Amino acid sequence: MKLFSNHLYIVSTPIGNLDDITIRAIEVLKKSDIILCEDTRHSIKLLSHYKIKKKLISYHKFNENKQIETIIKYLNEGKILSLISDAGTPLLSDPGKLLVNKCVKNGIQVIPVPGVSSITSALSVSGFKDQFFFYGFLPKKENEIKKVFTSLSKNHYSQVFFIPSNKLNFYINFIKMFYAGRKILIAKEMTKIHETFVREEIDKLTTTKNQIKGELTIVISEGEIKEKKFDEKKIVNKIKKYLNKYSLKDTVDLIVENEKVNKKKIYNLCLKIKNENNN
């Protein structure tokens, strides 16, 4: 496999089990001149496991601005660089956005090397709908959490969050407050020896007395879309108005989207009105 100089490779790494890495990712790391690591002490364990010895540069949220010019210099010299995070897919709630944007601005190609993500891993075993919204790490302050949840709880898609495990009880209270009627999956230590999945209805969710370490991936199920009360007189007037401008299909779609009512019922009503107009 050939790698290109003056390219930055965004390489996904395991979230726990060291065997969860692609063959391509290993080859890219072996052929890189420099590997950018969120924490070199952490990354050295993975690299040593695969006998990869390369120049490592520490690159994290506290030194991003300081390191960018040096990294761009290496790339412009024709070196091959890879960026990895402590676990999973880089840039998803991890450092790297500033560097990627700087590379794009400087005409440097950024290449993804896909692999493991705790987001999709948790979602894949949740059983919830795959239309989802990913937020990342939740705010730490009560007023900020309420602001975020007030907005997001109106979204009916499945939702994925990261939280530190020692704050689980703190967040549970707000989840119960804003997401009543939904289900939750709490994923802990995914792909590791003590991998655990807690599944519960949010209304029945309780706080825990056990001390938990690490980060948790939280998946909240899709919300139920409540159908509005069917106001036939109002709907009929809208159908007549739309049918003068749009096709039957477009009229049905517009009414269903705007009124949040049963599609079959609207279709039959539209068809009836259209036939009456043609007679």
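Starting from the amide H of Leu83, placed 1.01 Å from N in the peptide plane, find each other amide H under 5 Å away whose residue is 5 or more places distant or on another chain.
Tyr9, Ile10, Val11, Leu36
Angle, helix 263-278 long axis vs. longest principal axis of the chain, Cα atoms, 0 to 90°, nearest 10?
Approximately 50 degrees, to the nearest 10.
Skipping prolines and chain starts, which residues have an amide H placed within reach, meaning under 5 Å, of the one on Gly88, given they are 5 or more residues away or on another chain?
Under 5 Å from the amide H of Gly88: Thr13, Ile15.
Over the range 119-220, one equal point on each Cα, no solvent: what is log10 I(q)/I(0) by the Debye formula at q = 0.13, 0.16, 0.17, 0.20 Å⁻¹?
Log10 of I(q)/I(0), two decimals: -0.41, -0.64, -0.73, -1.06.
Compute the separation of the alpha-carbon centres of the range 77-99 and the range 42-57 and state it in Å as a whole number.
When both Cα centres are located, 15 Å separates them.
To the nearest whole percent, what portion of all C-alpha pairs in the range 232-278 is separated by more than 12 angstrom?
On the way: 580 of 1081 pairs.
Tail fraction, whole percent: 54.
Looking at the range 7-116 from every direction and averaging, what is the projected area of its Cα convex hull in nm²? Walk me through the intermediate numbers first.
On the way: hull surface 24.0 nm².
One quarter of the hull surface, i.e. the mean projection, equals 6.0 nm².
If you keep only loop residues by DSSP, which GluC sites (Glu not before Pro) in the range 176-279 have at most 12 other Cβ atoms within 10 Å of their Cβ?
Values: sites: Glu189, Glu195, Glu200, Glu201, Glu215, Glu222, Glu224, Glu227, Glu232, Glu257, Glu259, Glu276; in loops: Glu189, Glu195, Glu222, Glu224, Glu227.
Passing sites in the range 176-279 are Glu195, Glu224, Glu227.
What whole number of Å gives the distance from the Cα centroid of the range 158-176 to the Cα centroid of the range 239-274?
41
Taking the 0 to 90 degree range and rounding to the nearest ten, how far is the long axis of helix 64-76 tilted relative to the main principal axis of the chain, both from C-alpha atoms?
Its long axis makes an angle of about 70 degrees.
Using the count of nearby Cβ atoms within 10 Å as a rough guide to exposure, how do Leu269, Leu81, Leu98, Leu56 rank from fewest to most?
Numbers: Leu269 20, Leu81 25, Leu98 14, Leu56 17.
Lowest count first: Leu98, Leu56, Leu269, Leu81.
For the chain, what is the charge dipole size about the Cα centre, in debye to the nearest 20, if Lys and Arg each add +1 at the Cβ and Asp and Glu each add -1 at the Cβ? Let's see the in-between values first.
Details: 49 positive and 30 negative charges, 130 e Å.
Once rounded to the nearest 20, the dipole reads 620 debye.
Report, in listed order, any pair from Lys241/Lys265; Lys167/Lys213; Lys129/Lys183; Lys45/Lys167; Lys238/Lys260 with a Cα-Cα distance greater than 20 Å. The partial results should precede the final answer.
Numbers: Lys241/Lys265 18 Å; Lys167/Lys213 10 Å; Lys129/Lys183 11 Å; Lys45/Lys167 28 Å; Lys238/Lys260 14 Å.
Violating the 20 Å limit, Cα to Cα: Lys45/Lys167.
FYI, it's all coordinate maths here, none of it is from the lab. All values reported here derive from a predicted model rather than from experimental measurement. Backbone-built Cβ (ideal geometry, glycine too); neighbour counts: all protein chains shown.
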